[in-house]
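Take a look at the structure below.
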Amino acid sequence: MLTAFRTPTGRRFYTHTQYLEYIGASSKNENKRKVVIYTRVSNSGQRDDLHLQIEFLQQFVNTKGINVDEVVKDIGSGLNFNRKKWNLLLKDVQENNVSEIYNSHKDRFIRFGYDWFERFLLSHDTKLIVVNNEKSSPQQELVQDLISIIHVFSYRIYGLR
């Protein structure tokens, strides 16, 4: 049976813990959320960089005394929203299975729309920790973004030949 709490105006409300107990899920499952390391490179020729990212992030997390539950290795463009492993990670976030995601650079997670994805993760109580958070000027960011766009389209044109 659910016992309703009341606001000062008399409106009934229930807590999340009450809801979990009512549906038969225990609130202890919240403690079992995963800590994930996410790494990405643009193409398979950069596999060595992928392994360097993993080693760096594992050392960083280990020095903080945090246990890593999963390492996600992704190969694909940061402009591509159809990366299979990245989408599975976002699905895990939506299902409230991930507490923290460790990443080496902002653009390793997503090239454009980083702020939106950061808010999305926070709305699901997931922290995105960028270890090498390099600050660059707006001009440098614009140049990097333009180079990324040109790079993607040049590969598409090259693929048409």
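Would you check which residues across the range 41-86 are closer than 19 Å to THR126 by Cα and crowded, with 17+ Cβ neighbours inside 10 Å and list them?
Matches in the range 41-86: LEU57, VAL61, VAL72, TRP86.
Do you know which of the residues in the range 1-60 that are among the basic types (Lys, Arg) and part of a helix (DSSP H, G or I) is nearest to the chain's Cα centre (by Cα)?
Checking each candidate, the answer is LYS32.
With the requirement that a residue be more than 15 Å from ASP92 (Cα to Cα) and at pLDDT below 85, what does the range 32-49 give you? Talk me through it step by step, then tell me what you get.
Filtering the range 32-49 down to residues more than 15 Å from ASP92 (Cα to Cα) leaves 39-49.
Once the filter is applied, which keeps residues that are more than 15 Å from ASP92 (Cα to Cα) and at pLDDT below 85, the range 32-49 yields VAL41, SER42, ASN43, SER44, GLY45, GLN46, ARG47, ASP48, ASP49.
Checking LYS28 against (1) in contact with a strand residue (DSSP E or B) (Cβ under 7 Å, 6 or more places away or on another chain); (2) at pLDDT below 85, which test does it fail?
For LYS28, the exception is condition (1).
The values are calculated or read from the model by the stated rules, or taken from the named source; none is laboratory data. In this text the structure is predicted, and so the values were computed from the model without any measurement. Cβ: placed from backbone, ideal geometry, glycine included. Neighbour counts: every protein chain shown.
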